[in-house]
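Taking it in order: structure first as structure tokens, then the write-up.
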Amino acid sequence: MKSRDVFSFAFGAVRLRKMRAGLTILGIVIGIAAIVALTSITTGLQVTITSELGEGFSSDTVTVSTQSFGMFGGGSSDFTLLVNDTDTINEIDGVQTSAAIMSKSVMLDFGSTELPLSVTGVDYAAYASIYPSFVTEEGSIPETPANDSVVIGSRLTDPWDNGTVLAEVGDTILISWTHRVGLEIVEKNYTAEVVAVLEEIGGFSMGPSDLGLYIPLSTAQSFFDTDEVNSIAVKLVSDDEEFVETVSQAIEDAFDGLVSVTSPTALLAIMSSVFDIISLFLVGIAGISLLVAGIGIMNIMIVSLLERTREIGILKALGMKSRTVLGIFLTEALVVGLVGAVVGVVTGYSMAIIFSAFSGSMFGGGMLGGDRGLSTSMMTITPVLTTEIILGAMLFGVLVAVIFALYPAWRASKLNPVDALRHE
Amino acid sequence: MTTVLEVEDITKTYMMGEIPVNALRGLSFKVESGEYIAIVGPSGSGKSTLLNMIGALDRPTSGNLMIEGVDVSTLSDNQLADTRKNVGFVFQFFNLIPRLDARGNVELPLAIADVPRSERKKRTKEVLTSVGLEDRMHHKPSELSGGERQRVAVARAIVASPAFILMDEPTGNLDSKTAGEIMDLVKQLNEEQGVTLIVVSHDQNIGRQAGRTLHMLDGVIASDVVN
Ligand SMILES: Nc1ncnc2c1ncn2[C@@H]1O[C@H](COP(=O)(O)OP(=O)(O)OP(=O)(O)O)[C@@H](O)[C@H]1O
Ligand SMILES: [Mg+2]
């Protein structure tokens, strides 16, 4: 029998039992859709992160902190970095410049609204020379800033995208810091004046953030009454990978290994391996649902085999070969798998788009996170559907369908025509 | 005349669990090309079983069966399937595929034999017309009367112009007029194209039409009469 005839015969058989075929297809659709949705979202996330990090991270910049980043969470040593440690770092060969960064959570009173945010104390000039994104949209960053000056991220002008301007150049913000002195809870205040608004930076970057408030380091030192800093950003003279590693090591050694130096490249590698693990895990779950679908297919094929024993007997009596009977049954599974896979890919991608639209509005609208160097506050994920994902998902769906149909199809093909014809 | 079928002392034993059922107990005969043979005998005497052997649907338990000079016991399953393409079978129970309409059922042997589509359509229509079903082509078996189904089965048996036509009670469900028409049609094939015809039937008319009658009893041939 010609393959075209095999196909139309098989297709006719599938079409006859619409309900049953529909349910089998549904099983495949769910599995494939889950795989496609998950992989396209994680791929999209990875693309977003890599591209935004790629922009926001200059690879000649490393961060010194007492935190260590690792795949299994980080640790923090009791060691503290101080403002003057920049001097030590600046002396190390290969270091161009460095800037200490002191971050504290405070309450901000914009007159109309109060917001809990974090405020960052930096040396404007050093910070700007390390992070090119520290440039102004409005106003200017003073070379010798007044103690009460503050530079704000672009998003603080209109955090909810609805025209409510929180602060502009010239406005004042009341900064209050609540902390503990001995047993007492003490609140300190001071009024800062907005001298500049930064250009929009985008979601994901090292260094300045659209939600950041930057005050002079000296002000921070006296207001928070400490010399302890969270981290020190260091710009190196070259971005050669080996060079970055050597200098990073030198910096660590300078502090007896009590600090950790993170390079953006290393961070990227860690993050992408974390994403790989997450997506592998999720795809594994989706794979289980495909397995269930496969068992469903096998079950249905066996039922169909019993029902159609007589039909198989007729076909064989008319001279059909066993391998053609096998072909018919496998083609039926192929049709089911293919339809399921196509619908699954479309459904999965639609689900991913709906999810990203939903999550985008959630991140972008409501939440105002603090400045933690890496801020997800404005990150939108655009799901990415690559040809590999499409082909892989389809292949997987079809394979599952065909593999689970193999046994019933083989049994059908082995039926003896006389016995099959006698079957009631 | 050439011998197209040689049956030599064949037996067929079915196992019903532990108990053997001897459906055929050693029977021999020869069939020449173009013969018209009627097989008669009581129910359970092994007529259908014999027809299955002749039609290459099954292998005998012992003995030799030569179809056109080829011993079926030496054939592989695939070769056996190919042998069946040369046999038109009308089963005791119509055995049409419920999902396919009359045309689809009749076309099936041609599709299996890789006949091109256009030729298939033409031939199918011709044969359905010759059995008087040209206006029932698109009816499924469930939408046809018993006699019409029987005629579809006959059409399917003759569509691929086989060398043998084997019929198991082909007129059991038909009135004598329709039965006569159908049998005239196959008789015509037998006379004009030399198709070898073997029919299991109790129909007196078929007995009279046939050139030879095999009488079966308890799995053996009780008499072999040339009319
Ligand atoms: N697959 C089988 N398994 C067990 N016994 C069988 C099988 N096929 C046939 N038989 C037995 O073999 C004997 C012959 O059966 P067969 O169908 O050839 O009879 P028949 O002459 O065609 O009868 P009828 O006129 O009723 O159709 C019967 O006793 C039947 O029960
Ligand atoms: Mg019978």
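The values are calculated or read from the model by the stated rules, or taken from the named source; none is laboratory data. Computed from a prediction, not measured in an experiment: that's the story for all the values here. In this analysis, Cβ positions are derived from the backbone assuming ideal geometry, glycine residues included, and neighbour counts consider all displayed protein chains.
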- Members of segment B:72-126 found to be more than 16 Å from ligand 2 (Cβ to nearest atom), in contact with a strand residue (DSSP E or B) (Cβ under 7 Å, 6 or more places away or on another chain) and closer than 20 Å to B:Ser161 by Cβ, listed by number: B:Thr83, B:Asn86, B:Val87, B:Gly88
- Item | Failed item in (1) crowded, with 22+ Cβ neighbours inside 10 Å; (2) without any contact (Cβ under 8 Å) to a residue 40 or more places away in the chain, with A:Gly284 passing the rest | (1)
- Query: Does segment B:165-172 contain any residue that is of a type in the set (A, V, I, L, M), within 14 Å of another protein chain (Cβ to nearest Cβ) and more than 16 Å from ligand 1 (Cβ to nearest atom)?
  - Reply: yes
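Do we have any residue at all in segment B:57-69 that's facing another protein chain (nearest Cβ under 9 Å) and under 17 Å from B:Thr196 (Cβ atoms)? Give the steps one after another, and end with the answer.
First pass over segment B:57-69, keeping only residues facing another protein chain (nearest Cβ under 9 Å): B:57-58.
Now narrow it down to the ones that are under 17 Å from B:Thr196 (Cβ atoms): B:57.
Checked segment B:57-69: at least one residue is facing another protein chain (nearest Cβ under 9 Å) and under 17 Å from B:Thr196 (Cβ atoms).
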- Task: Would you please list the contacts, defined by Cβ atoms under 6 Å and residues six or more apart or on different chains, that run from a residue in segment B:51-78 that is among the charged types (D, E, K, R) to a residue that is within 16 Å of ligand 1 (Cβ to nearest atom)?
- Result: B:Asp58/A:Val418; B:Asp58/B:Asn52
- Task: Just one of (1) within 15 Å of B:Ala38 (Cα to Cα); (2) more than 14 Å from chain A (Cβ to nearest Cβ); (3) buried (at least 21 other Cβ atoms within 10 Å of the Cβ); (4) within 16 Å of ligand 2 (Cβ to nearest atom) trips up B:Leu197, so point out which.
- Result: (4)
- Has segment B:2-9 got any residue that is away from ligand 2 (no atom under 14 Å from the Cβ), hydrophobic (A, V, I, L, M, F, W, C), within 30 Å of B:Asn105 (Cβ to Cβ) and within 14 Å of chain A (Cβ to nearest Cβ)? no
- Message: Any residue in segment B:215-227 that is more than 17 Å from B:Asp203 (Cα to Cα) and within 13 Å of ligand 1 (Cβ to nearest atom) sitting within a Cβ distance under 9 Å of a residue that is assigned to a strand (DSSP E or B) and among the small types (Gly, Ala, Ser)? List the pairs, counting only those 6 or more apart or interchain.
- Response: B:Leu217/B:Ser223; B:Gly219/B:Ala23; B:Gly219/B:Gly26; B:Val220/B:Gly26; B:Ile221/B:Ser28
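Residues checked against (1) facing chain B (nearest Cβ under 10 Å); (2) surrounded by fewer than 24 Cβ atoms within 10 Å (Cβ to Cβ):
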| position | (1), (2) |
| --- | --- |
| A:Asn299 | no, yes |
| A:Arg310 | yes, yes |
| A:Phe329 | no, no |
| A:Leu334 | no, yes |
| A:Val342 | no, yes |
- Query: Going by the structure shown, is A:Val418 away from chain B (no Cβ under 14 Å), assigned to a helix (DSSP H, G or I) and modelled with pLDDT of 85 or more?
  - Reply: no
- When A:Lys316 is run through (1) within 30 Å of B:Pro98 (Cβ to Cβ); (2) without any contact (Cβ under 8 Å) to a residue 60 or more places away in the chain, the failure sits at (2)
- Query: Can you pull out the residues in segment A:152-177 that are surrounded by 14 or more Cβ atoms within 10 Å (Cβ to Cβ), within 32 Å of the chain's Cα centre (by Cα) and of a type in the set (A, V, I, L, M)?
  - Reply: A:Ile152, A:Leu156, A:Leu166, A:Ala167
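Do we find that A:Val169 is of a type outside the set (D, E, K, R), touching a residue at least 24 places away in the same chain (Cβ under 8 Å) and part of a strand (DSSP E or B) in this structure?
Details: of a type outside the set (D, E, K, R): yes; touching a residue at least 24 places away in the same chain (Cβ under 8 Å): yes; part of a strand (DSSP E or B): no.
Spelling it out, it is not the case that A:Val169 is of a type outside the set (D, E, K, R), touching a residue at least 24 places away in the same chain (Cβ under 8 Å) and part of a strand (DSSP E or B).
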- Task: Collect the residues in segment B:12-33 that are away from ligand 2 (no atom under 16 Å from the Cβ) and within 20 Å of the chain's Cα centre (by Cα), keeping them in residue-number order.
- Result: B:Ser28, B:Phe29, B:Lys30, B:Val31, B:Glu32, B:Ser33
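Applying the selection to segment B:80-101, what residues are more than 16 Å from ligand 1 (Cβ to nearest atom), assigned to a loop (DSSP other than H, G, I, E, B) and either facing chain A (nearest Cβ under 8 Å) or out of contact with any His (no Cβ under 9 Å at 6 or more places or on another chain) (or both)?
Taking segment B:80-101 first, the residues more than 16 Å from ligand 1 (Cβ to nearest atom) are B:80-88, B:96-101.
Next cut, assigned to a loop (DSSP other than H, G, I, E, B) only: B:85-86, B:96-101.
Result: B:Lys85, B:Asn86, B:Leu96, B:Ile97, B:Pro98, B:Arg99, B:Leu100.
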- Task: Quick one: count up the residues across segment A:127-151 that are surrounded by 21 or more Cβ atoms within 10 Å (Cβ to Cβ) and at pLDDT 90 or above.
- Result: 3
- Any idea which of (1) assigned to a helix (DSSP H, G or I); (2) modelled with pLDDT of 85 or more; (3) farther than 30 Å from B:Ala157 by Cα; (4) not hydrophobic (A, V, I, L, M, F, W, C) is the one A:Thr265 doesn't satisfy? (2)
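Listed residues B:Arg156, B:Arg149; which is modelled with pLDDT of 95 or more, away from ligand 2 (no atom under 16 Å from the Cβ) and touching a helix residue (DSSP H, G or I) at 6+ places or on another chain (Cβ under 7 Å)? Before the answer, list the steps.
Working: B:Arg149 fails: modelled with pLDDT of 95 or more.
Going through B:Arg156, B:Arg149 in turn, just one is modelled with pLDDT of 95 or more, away from ligand 2 (no atom under 16 Å from the Cβ) and touching a helix residue (DSSP H, G or I) at 6+ places or on another chain (Cβ under 7 Å): B:Arg156.
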- Task: Could you list, in sequence order, all residues of segment B:1-23 that are more than 16 Å from ligand 1 (Cβ to nearest atom) and among the aliphatic types (A, V, I, L, M)?
- Result: B:Met1, B:Val4, B:Leu5
- Query: Here are some conditions: (1) assigned to a strand (DSSP E or B); (2) on the phi < 0 side of the Ramachandran plot. B:Gly63 meets all but one. Which one does it not meet?
  - Reply: (2)
